[in-house]
Amino acid sequence: MKHILIACLLWLPLAAHAALNVFACEPEWGALVREIGGASVKVYTATTALQDPHRIEARPSLIAQMRRADLVVCSGADLEAGWLPLLLREAGNARVQPGRPGYFEATRFVTLLEKPATLDRAQGDVHAAGNPHIHTDPRNIARVGAALAARMSELDPAGASAYQVQWQAFSARWNAAIAGWQARAAPLKNLPVVVHHKSFSYLLAWLGMVEVATLEPRPGIEPSAAHLGRIAAQLQTTPARAVLRAAYHSPRSADWLAQRSGIPALALPYTVGGNARAGDLFGLFDDTLDQLLKAVP
Amino acid sequence: MFRATLLAAALAAAFPTYAQSDLDALRAELKALQTAYEARIAALEARIQQAESPPLAAPVTAPVAAATPQADSRPARAGFNPDISLILQGRYARLDAIDERHISGFLPAGHAHGTPRGFSLDHTELVLTASIDPYFNGYFNLALFDDEVEIEEAWFQTSSLGQGVTVKGGRFLSGLGYQNAQHPHAWDFADNSLMYRALFGESYGNDGVQLKWVAPTALFMEIGAEAGRGADFPGNDRNRNGAGSATLFGHLGGDVGASHSWRAGLSYLHTKANDRDGEIEDFNDEHAETLFSGKSRTWVADLVWKWAPDGNAHARNFKFAAEYFRRTERGSLECEDNRADGGACDGTTDAYRSRQSGYYAQGIYQFMPRWRTGYRYDRLDPGTVNFGANSAFLPLSDHKPERHSLMLDYSPSEFSRLRLQYSKDQSMASQNEDQWFVQYIHSLGAHGAHRF
């Protein structure tokens, strides 16, 4: 018994020095963990920019990765309601259960928009806590990053100083980049746009753009021909300058409306990996702004 | 407004002797109070709204003002209420008039709820689930029928053991096979596969404990063991202290690129029965009651493979599932004396042995958002059955039950589904039935889990 105890004690510090295994639900959080953790973290990203984070299944591969994680970083606010609870239940990993330091929900660290006043599925697949697509505002990434760096330091004290240094360096670059994006984005203020799903609410709020319609008649409900027709008619009186969709949305509806109304349909990367330019968080916003600015003459 | 009225009522009660002029003065005062309150409430509402939405049109201010983490305090769910969902299911079935539906060559498995013709309500299911405390999760599933309420599942599961280990206890659907743990609303067809109908009636549930371990590898590997009461078919309740059934299962799974994922498994169920009822037609075409006592062993192999372009199942996706079983039963069978009704059995008890098998294979294709179509093929093999001395009274079946099913379903949202299904059913030796089903499945309340 004593030997086992000693063995455990000897083994513990070794374990603490090992790299953090991070399970990131979405690519933006995976990228943020990489910025903070550098080479000393191993990141598994559960979804790609081409997948709708609402509609993932609790696949065996995800259970296996969840099993090995020291830290789970997800958006929360019910974005992953269909699959994350099931993964947590099936994987048998105590470290990452809600309430433990290994469980990190990004939406807890920012103020959410579009919190529904009433909860009724007649309004579609509404999220009770508010809109979970927070990362489309880069200032939210900074807010989440600060909390994430603190959490990673807590979980891996040996790497804490490195995480803080890397976070400070990223944060400085990021704030400079935000200032640059905001300066460039001045012409986008009050730009009226149509969006496919309410994936860009935070982006629009950040840049002062105006959402005049959504292609989905209700959140999570597929655009119907009748609804698209109504939007086309609405755009006759209140014109929009572009139709925005995320890389994972089917282009059909956006393209149809764009053609009908003579405005461009933009496939924004939405998250890291959404197109060739959006290779990291900086590229994500560079490309998003470039595309938006092209739509403004 | 309400507050003002209350105040007026209270004042009126308190000062009943006030003269009319005083009352008028009071009314005026109240009116003033009311308007003042309304204005203050409106101002407060505006402030709340302002506080809730971040500065909208302030793009060129200093970037993130304070990048300090806020307290991790907002609860994920308001209150302590469990997630509740209710499944509404019903259907219209166009079937032949068949009194005693059974699968030829197989002893009837218990727990079948009949197949009514015309309009009928399927299971209505009530599901409650929540964390119990930091150590356990709880789950409850109640199936409601007209004259029956059935606790389909009621279990706790550990969440804090770690090392990939979970322990489940209570009543639960066994982890064997693939379809077994799915409730009927999650099936891809309007009715059960012939394999599961022959094996368990609906699915194999148990009162007992389950121990499961997930390996710490990138390839998904899990193994599980269950021990329980074993009261469900193919066992029965035998009033004993020990475990009445044991199950072992193992699963492997993973992804192949971004577009493909799979899971394969092998399971084994061992249980015993003591005077387990069955009904069978004897050589005189009369109903004979049989009582089986002995061991029942079932092997199930399952494979699921799914495809979605880039892993985005939204527009198009495909799912293939197949399961194969082999069951051996060994013991004794009594055929109760039914000579009084013109039957052939004389109450003989003698050795009984059977080895039977079967499978189903199905493919479901979502060809555009909301629309899926699917085909399922069922086939069973009555295999070898040895009735011993009772073979003088009980006929053997060499009919191989078979069924083709074709379905089309439409899901207006994630929470509703309408389904049309056609089956060509030859599960009974004498029948070749065309079956039509129109089914709806609606789920109210909490967001359902996306099982693989």
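Bear in mind that the values in this text are calculations on the coordinates, not laboratory data. Since the model is a prediction, treat every value here as computed from it, not as a measurement. Glycine gets a Cβ as well: all are built from the backbone with ideal geometry, and neighbour counts include every protein chain shown.
The relative contact order of region A:154-297, computed from alpha carbon pairs under 8 Å that lie at least 6 residues apart in sequence, is 20 percent. Using only the Cα atoms of region A:172-215, build the gyration tensor, take square roots of its eigenvalues as a ≥ b ≥ c, and label the shape rounded, prolate or oblate: rounded if a/c is under 1.5, else prolate if a/b is larger than b/c, else oblate. Cα axes put region A:172-215 in the oblate bin. Among the GluC sites (Glu not before Pro) within region B:95-193, those in coil by DSSP and having at most 12 neighbouring Cβ atoms inside 10 Å are B:GLU100, B:GLU148. Every Cα-Cα pair in the protein assembly as shown was counted, and those over 39 Å apart are 47% of them. When you filter the chymotrypsin sites (Phe, Trp or Tyr not before Pro) in region B:108-171 for DSSP loop state and at most 14 other Cβ atoms inside 10 Å of their Cβ, you are left with B:TYR135, B:PHE145.
Residue order for A:VAL72, B:VAL165, fewest other beta carbons within 10 angstrom first, comes to B:VAL165, A:VAL72.
Taking the fewest neighbouring Cβ atoms within 10 Å as the starting point, the ordered list for B:MET407, A:MET152 is B:MET407, A:MET152. Under the rule a/c < 1.5 gives rounded, and otherwise a/b versus b/c splits prolate from oblate, where does region B:193-258 land using the Cα gyration tensor? Oblate shape, in that a/c is at least 1.5 and b/c is the bigger or equal ratio. Once the dipole of region A:185-294 is set up with Lys and Arg at +1 and Asp and Glu at -1 on Cβ about the Cα centre, which of A:ASN275, A:GLY229, A:GLN291 lies farthest towards its positive end? Selected residue: A:GLY229.
Place +1 on the Cβ of every Lys and Arg and -1 on the Cβ of every Asp and Glu in the protein assembly as shown, take the dipole about the Cα centre, and give the residue among A:ALA64, A:ALA183, B:HIS185 whose Cα lies farthest towards its positive end. Farthest towards the positive pole: A:ALA183. Charge dipole of region A:2-180 (Cα centre as origin; +1 on each Lys and Arg Cβ, -1 on each Asp and Glu Cβ, all else neutral): 540 debye, rounded to the nearest 20.
By the beta-carbon count within 10 Å of each Cβ, the least crowded to most crowded order of B:PHE283, B:PHE106, fewest first, is B:PHE283, B:PHE106. Orientation-averaged projection of region A:239-297 equals 3.9 nm² [convex hull of Cα atoms, one quarter of hull surface area]. Projection of the Cα convex hull of region B:319-452, averaged over all directions and equal to a quarter of that hull's surface, yields 11.8 nm². Can you give the percent of C-alpha pairs in region A:2-180 whose distance is more than 24 Å? Summing the P(r) tail past 24 Å for region A:2-180 gives 41 percent. Convex hull volume of the C-alpha atoms in region B:83-445, normalised per residue: 143 Å³.
For region B:83-445, a simple Cβ point-charge model (Lys and Arg +1, Asp and Glu -1, everything else neutral) yields a dipole of about 1620 debye relative to the Cα centre. Of all the options A:ASP137, A:ASP125, A:ASP156, the one that moves most in a Gaussian network model of chain A with Cα springs shorter than 10 angstrom is A:ASP125.
Once you've got the Cα coordinates, tell me which of A:LYS198/B:LYS319; B:LYS400/B:LYS424; B:LYS168/B:LYS272; B:LYS272/B:LYS424 are over 25 Å apart. From the list (A:LYS198/B:LYS319; B:LYS400/B:LYS424; B:LYS168/B:LYS272; B:LYS272/B:LYS424), the Cα-Cα distance tops 25 Å for A:LYS198/B:LYS319; B:LYS272/B:LYS424.
Placing +1 on each Lys and Arg Cβ and -1 on each Asp and Glu Cβ, with no other charges, gives the protein assembly as shown a dipole about its Cα centre of roughly 3200 debye. Across all C-alpha atoms in region A:95-214, the radius of gyration and Dmax reach 17.2, 50 Å. Comparing A:ALA81, A:PRO53, A:ALA91 along the charge dipole axis of region A:2-180, the residue lying farthest to the positive side is A:ALA91, per the Cβ-charge model. For region A:185-294, the C-alpha radius of gyration sits at 1.01 times the compact-globule guess of 2.2 N^0.38 Å, with N the residue count.
Once C-alpha pairs closer than 8 Å and six or more residues apart are averaged by separation and normalised to the residue number of region A:2-180, the relative contact order reads 21 percent. Here the contact order of region B:83-445, divided by its residue count and restricted to Cα pairs under 8 Å and six or more residues apart, works out to 15 percent.
Peptide B:165-173 has a mean shielding of 1, counted as Cβ atoms of other protein chains within 10 Å of each residue's Cβ.
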